[in-house]
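Only one structure is covered here, and it is reproduced in the block below.
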Amino acid sequence: MDPKPKRKKGYQSPTGMHDILPPEQRYFQKIYGTCENIANFYGFQKIETPILEEAELFSKGIGLSTDIVEKQMYVFRTKGGDWLALRPEGTAPVVRAFLEHGMQNLPQPVKLWYFGPFFRYEHPQAGRFRQFHQFGFEVFGEQSAVIDAQIVQIFYNILKDLRLKKLIVEVNSIGDSQCRPYYKKLLVSYLKYRLDSLCSNCKRRVRENPLRTFDCKEEKCQRIKAQAPQIIDHLCEECHNHFREFLEFLDELDLPYSLNPYLVRGLDYYTKTVFEILEEGGPSKPALVGGGRFDNLCKVLGREVIPACGGAAGIERIIEAMRAKDKKYLKYPLPKIFLAQLGNLAKRKSIKLFEDFRQNKIPVAESFGRDSLKTQLTTADRIGAQITLILGQKEVLEGTIIIRDMKTGRQETIKLEKVVKEMKKRLKKIKPGTNSRINPNDTNIY
Ligand code: HAM
């Protein structure tokens, strides 16, 4: 290995990739729990696919001329000579797993959900990372637009359950293999006459993937886009009816949506419905959720045509939105009981008593590494414990323990063998959440 120049600082996480420190873990747990509840209600089953997949799965599935495949995939060759990629998204892997395990032979629809890390070599900026997390919901074997609406409803419900307000659902249809080629021709002939006014990227897009010109953020391209023919006016009858039904279901569900005729999404596998969910706040706000129907992907990656629809949400972006609403980190529920000990004999008894509490499912905090009672009481106070149990040499010899009410300072002594039962009784009287607060350890980190 080449000798490297001496580092000025210590090691840091790779650009665009972050440690998830304890304060953020609480958000991940909260989001995971919310997804799990919703998944159970709507009959989705959890699936986990490997972080690495054959690179070709994505180039075939997502499309060679998409930004994700062209610029953002982490691809490497293994010692055995296989080309693998860090997964940039979850739909192609879930389709691969669906086909590989013959799930098309199960009663349809098959509903799957996932939660995990994804990787895209992007230019890191607010809400855009190289390692990020998504949860996704995919439904296989159902072509009715009712599923498209239900998928939107699921993501909307999750965001609402996470107390995000002012959400915008943008919807569009990008047609299918019947109508999209015709529309593409129309669009290309419109753009061809305006090539000189387009940015260099869009000039290339006109040749390779004209719908992608709608994703361009350059002002001159936006101006041209505003006058471009809209796919919604050129859908075939089947796509038109599907889209109409989708909107009717959204109306029925009272989901506030707006039609964005330029929403095309950055992945090639979509057919008919596409949607995104954003927070209000102008174009600078990145999408929290994106998804749509992908009726051809099973055929592209396998043999059969299996209609499918789904979506995925960016967890870091959701956390950012949650934190913007409430600057404080989510609270940790902390134990209401603290076990303090004094002296070696008491310490020995305490670690055993601590296990008795665990077996009885009673959360207890401790600070066995500390010897001073004052320090332990300070810690008990800091975590907001309501009761501190104090075990000293004298108590151990007498087979007793002191119960200290942390609010009044009142102390009483009871038999050690009764303490677990007594705590169970007292906990019932303490209001839940009275001492949930930021984990005191967190303050050491931030
Ligand atoms: P996507 O729009 O590429 O769709 O990603 C979904 C969501 O992941 C985005 O709305 C965003 O919140 C988040 N996300 C994407 N890239 C990044 C990034 N670099 N940093 C942070 N967050 C990011 C898909 O991935 C499709 N597989 C969705 C889907 C599922 N369609 C059908 N089924």
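Is it true that V95 is closer than 30 Å to S258 by Cβ and either surrounded by fewer than 19 Cβ atoms within 10 Å (Cβ to Cβ) or modelled with pLDDT under 95 (or both)? So V95 fails the test. Assessment of the range 194-203 against the conditions (surrounded by 14 or more Cβ atoms within 10 Å (Cβ to Cβ), within 19 Å of T66 (Cα to Cα) and at pLDDT below 90) yields at least one matching residue. Scoring E138 on the criteria (1) free of Cβ contacts under 8 Å to residues at least 12 places away in the same chain; (2) surrounded by 23 or more Cβ atoms within 10 Å (Cβ to Cβ) leaves a single failure, condition (1).
All conditions but one from (1) assigned by TED's automatic domain parsing to the domain that holds I318; (2) free of Cβ contacts under 8 Å to residues at least 60 places away in the same chain; (3) exposed (fewer than 13 other Cβ atoms within 10 Å of the Cβ) apply to G43; the one that does not is (2). Listed here are the strands (runs of 3 or more DSSP E) enclosed by the range 294-401 that have at least 3 residues being crowded, with 19+ Cβ neighbours inside 10 Å, assigned by TED's automatic domain parsing to the domain that holds F119 and touching a residue at least 60 places away in the same chain (Cβ under 8 Å): 308-314. One residue stands out in the range 315-343 among those that are touching a strand residue (DSSP E or B) at 6+ places or on another chain (Cβ under 6 Å) and under 23 Å from Q125 (Cβ atoms): the one that is nearest to the ligand (Cβ to nearest atom), namely E316. Checked against (1) buried (at least 21 other Cβ atoms within 10 Å of the Cβ); (2) under 28 Å from the mean Cα position of the chain (by Cα), I168 passes all but condition (1).
Tell me, please, whether a residue that is modelled with pLDDT of 95 or more and away from the ligand (no atom under 11 Å from the Cβ) can be found in the range 280-297. Scanning the range 280-297, I find at least one residue that is modelled with pLDDT of 95 or more and away from the ligand (no atom under 11 Å from the Cβ), so the answer is yes.
With respect to (1) within 29 Å of the chain's Cα centre (by Cα); (2) closer than 30 Å to P93 by Cα; (3) not hydrophobic (A, V, I, L, M, F, W, C), the lone exception for R303 is condition (1).
The values are calculated or read from the model by the stated rules, or taken from the named source; none is laboratory data. Owing to the predicted nature of the structure, the values given are computational and were not obtained by experimental measurement. All Cβ positions, even for glycine, are placed from backbone atoms using ideal geometry, and neighbour counts span all protein chains on display.
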